[in-house]
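Only one structure is covered here, and it is reproduced in the block below.
The values are calculated or read from the model by the stated rules, or taken from the named source; none is laboratory data. Keep in mind the model is a prediction, meaning the values are calculated, not measured. Glycine also receives a Cβ, built like all others from the backbone with ideal geometry; neighbour counts cover every protein chain displayed. Side chains included, ligands, DNA and RNA excluded: accessible areas come from the protein's heavy atoms. Shrake-Rupley method; radii C 1.70, N 1.55, O 1.52, S 1.80 Å.
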Amino acid sequence: MQTVPITIPENRVILNQITWETFKQLLQELGDNRSSCLAYNEGILEIMTPLGKHEHSKCFISDLVANIADEMDLKIKKMGSLTLKKEIIKKGVEPDACYYLKNEPLVRQKQNITLDLDPPPDLVLEIDMSNSSLNKLPIYAALGVAEIWRYNGNNLTGFIFNNDSQDYQESQYSLAFPWLELSQLLPFLQQSLQDGETKTLRNFRQWVRRFS
């Protein structure tokens, strides 16, 4: 019987009864030069350390987003795992990647963005292959993020904020790129593992041009 090796995409630690002040102090002490991402909501702190599969998925999907913006001649500002937090509501999260599109002109010249003064990103990417026990949707809703993409290693799911219900609704199509059905990106993820990223991105750009 052949043993199939188990690949762990990320390590997650959940801590309870953590104060907002402790969360802020931890962010300050850890600094920006780190691989871990933090999330905080109502006394619960998650610390996630990504591994190879997680990071490749994050980087390649980010490349797809950037290429879409380039081919469609859309304004974009990529802010990576920017710490998104608001003091007044005591919620914070560090996504795998985030992008300003509609709001790009409002933050174009800013290197330091704070949601106490600036608008939230238009699109957030979450790679979650280990079924995080911390539901981050309420955090993003409170911060005003309009769209979230969540990739679990098999499926890419979109969540679009509904102003009427004040909650997210799953969507097969992107809000930022209304022509894009998110499942259409999955074959390119698989192709990147077979043909390499350079060739795959070249093919992807040609595919995007059909919609421009």
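Take region 150-179 and flag every residue that is of a type in the set (A, V, I, L, M, F, W, C) and either touching a helix residue (DSSP H, G or I) at 6+ places or on another chain (Cβ under 7 Å) or open to solvent by 40 Å² or more (accessible area, probe 1.4 Å) (or both). Answer for region 150-179, where residues must be of a type in the set (A, V, I, L, M, F, W, C) and either touching a helix residue (DSSP H, G or I) at 6+ places or on another chain (Cβ under 7 Å) or open to solvent by 40 Å² or more (accessible area, probe 1.4 Å) (or both): LEU156, PHE159, PHE161, LEU175, PHE177, TRP179. Tallying residues that are assigned to a helix (DSSP H, G or I), in contact (Cβ under 8 Å) with a residue 24 or more places away in the chain and open to solvent by 10 Å² or more (accessible area, probe 1.4 Å) within region 71-107 yields 3.
ARG34 satisfies every condition listed in (1) touching a residue at least 60 places away in the same chain (Cβ under 8 Å); (2) over 25 Å from SER174 (Cβ atoms); (3) among the basic types (Lys, Arg) except (1). Within region 186-207, is even one residue within 17 Å of LEU123 (Cα to Cα) and at pLDDT 95 or above? Looking through region 186-207, none of the residues is within 17 Å of LEU123 (Cα to Cα) and at pLDDT 95 or above.
Does region 83-91 contain at least one residue that is touching a Phe, Trp or Tyr at 6+ places or on another chain (Cβ under 7 Å) and either farther than 25 Å from PHE23 by Cα or aliphatic (A, V, I, L, M) (or both)? No. Being of a type outside the set (Val, Ile, Thr), open to solvent by less than 60 Å² (accessible area, probe 1.4 Å), within 28 Å of LEU117 (Cα to Cα) and modelled with pLDDT of 90 or more is a description that applies to LYS58. The number of residues in region 16-48 that are open to solvent by 30 Å² or more (accessible area, probe 1.4 Å), among the hydrophobic types (A, V, I, L, M, F, W, C) and modelled with pLDDT under 95 comes to 3.
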